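Structure first, then comments.
The values are calculated or read from the model by the stated rules, or taken from the named source; none is laboratory data. Because the structure is a prediction, the values reported are computed rather than measured. Every residue, glycine among them, receives a Cβ derived from its backbone with ideal geometry; neighbour counts consider all protein chains shown.
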Amino acid sequence: MTSSRKPCRADRRLQLRYVGLVAALAAVAASPAAAQLLRPGVGGGLEGVVNLPGPGLRDVPSALTGVMAPLDPQHLLNARRARLDAVLRAYPHELERGPSGEVLVRGVVLAVDPTPDALARAQREGFAVQAEPVDPDLDLRVVRLQAPEGMSARAALARMRALDPPGVYDFDPIYGSAGVVDPPRGAAAPSPAERQAAAKIGLIDTGVDGSHPAFARARIEQKGFASPEAIPAAHGTATASLIVGEAGRFEGVAPGATLLVADVYGRSITGGAGDLLVQALAWTAARGARVVNMSLVGPPNLAVGAAVRAVQARGILIVAPVGNDGPAAPPAYPASYPGVVAVTGVDGLGRVLIEAGRASHLDFAAPGADLQAASISGGFATVRGTSFAAPIVTGRLALAEAAGASGPAAITAVAATSRRGPGYGKGLVAAQVQTASRR
């Protein structure tokens, strides 16, 4: 169910759009934390920082590394608003602001399981049916409706709800990655992790650089949803390496697992939109994933929520980070949906990251700073963010699933081996992680 959207502008142009934003935030950047080494069971390290929605912002330059560390909740909230404003200024024809300040695909409404009569009414009103992802396995149909030219998403949503009061309609919001990758700083040094070839894991993110040495023996299947093919990018590559990466002393949590990568960003300006997440969830479920990692954040959405519930109904676990906009920011989704495994990040001293957001519930904490992961340069990059804590939990849950513990039993099994503490939810996963300075 690949999207038919047009590719966005060249990557170089996307980079230039954000030079001003990077310069502004870099002025308050702190020094990167020390690299972190992992004991058995966890691979990679992460140090990055900002939850930046929209295209081009997944690979923000290294000047942003550590920018959130010294900031209080109000500063974090102000920074979040500034980032969203920058995205909207950069793409005024493709994106618009939602009622809660979120970024939306301009003039688009998502309809969940609409009736033929409702679609006919919409077409008479000038709405165009642009895509109709149908997944019989999930018993879910989401239709993307483009409003008549000049009609905002808010007006379009109000019109569709008036035309079809019993129907389920919502915006098409943009979801952003909850972490940023810094430039290469040398390889991490975790010792070997347990291998479980039976595990099958979904990753909804950017594309992954399968040519990286860390993936030489990995089983990775990729599919593009925002572009015709999966486009390798830093965020997805780093996240994937924490799960299935393996290179010398570097080893992910579950290097023997099969990784199903759904690239929902590609090179599209509207990469990360809600309808793409719906398609990606359906694909990973249909391909047999038992645990799906979604290291991205955004607002609640009826279509995405319906897809999450449909996937969960098949016994599949979804793992998501709480985001990096601080405790004053709105709860992040999909982490805040009921049943989604919500993950926060900690630093090398076991302290919850100051930039970590707050979901409506918290399940686990995991290392999310002072770490390293695979870089699209072929080396290893220092990264930070709750994006990178989530795959550590995902890998552990997948190993529990492969060992025979399904769904809630897998969560219980991982919790039983986690360290208890305030702000950790059911526990800190991979508590054996240490910074190099503490070895």
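Some notes on this structure:
- Considering the stretch 316-332, the residues that are in a loop (DSSP other than H, G, I, E, B) and modelled with pLDDT of 95 or more include one that is nearest to Val352 (Cα to Cα), namely Val322.
- Ile174 vs. criteria under 20 Å from Tyr333 (Cβ atoms), surrounded by 17 or more Cβ atoms within 10 Å (Cβ to Cβ) and either modelled with pLDDT of 95 or more or not small (Gly, Ala, Ser) (or both): yes
- Checked against (1) surrounded by fewer than 24 Cβ atoms within 10 Å (Cβ to Cβ); (2) under 17 Å from the mean Cα position of the chain (by Cα), Gly378 passes all but a single condition, namely (2).
Results for (1) touching a Cys at 6+ places or on another chain (Cβ under 8 Å); (2) surrounded by 19 or more Cβ atoms within 10 Å (Cβ to Cβ); (3) modelled with pLDDT of 90 or more, shown as yes or no for each residue.
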| position | (1), (2), (3) |
| --- | --- |
| Gly107 | no, yes, yes |
| Leu110 | no, yes, yes |
| Leu119 | no, no, yes |
| Ala122 | no, yes, yes |
| Val129 | no, no, yes |
| Val134 | no, no, no |
| Asp137 | no, no, no |
| Leu140 | no, yes, no |
| Gln146 | no, yes, yes |
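- Contact map, the stretch 330-357: residues that are among the aromatic types (Phe, Trp, Tyr) paired with residues that are part of a loop (DSSP other than H, G, I, E, B) and surrounded by fewer than 21 Cβ atoms within 10 Å (Cβ to Cβ), Cβ distance under 6 Å, separation 6+ or inter-chain. Pairs shown: Tyr333/Pro300.
- Identity of the residue in the stretch 384-439, at pLDDT 90 or above and of a type in the set (D, E, K, R), that ends up surrounded by the fewest Cβ atoms within 10 Å (Cβ to Cβ): Arg420
- Checking Leu371, Leu397 one by one, the residue that is over 19 Å from Val292 (Cα atoms), of a type in the set (A, V, I, L, M) and touching a Leu at 6+ places or on another chain (Cβ under 9 Å) is Leu371 and no other.
- Of all the listed residues (Ala366, Ala335, Ala356), the sole one being assigned to a strand (DSSP E or B) and either closer than 26 Å to Arg290 by Cα or modelled with pLDDT of 90 or more (or both) is Ala366.
- Qualifying position, being closer than 24 Å to Ile201 by Cβ and in contact with a His (Cβ under 7 Å, 6 or more places away or on another chain), among Ala342, Ala359, Ala431, Ala366: Ala342
- Looking across the stretch 286-333, the residues that are surrounded by 24 or more Cβ atoms within 10 Å (Cβ to Cβ), in contact with an Asp or Glu (Cβ under 9 Å, 6 or more places away or on another chain) and among the aliphatic types (A, V, I, L, M) come down to Val291, Met294, Leu296, Val297, Ala303, Val304, Ala307, Leu317, Val319, Ala332.
- Every test in (1) at pLDDT 75 or above; (2) within 30 Å of Ala218 (Cβ to Cβ); (3) not basic (Lys, Arg) is passed by Val180 save one, and that test is (1).
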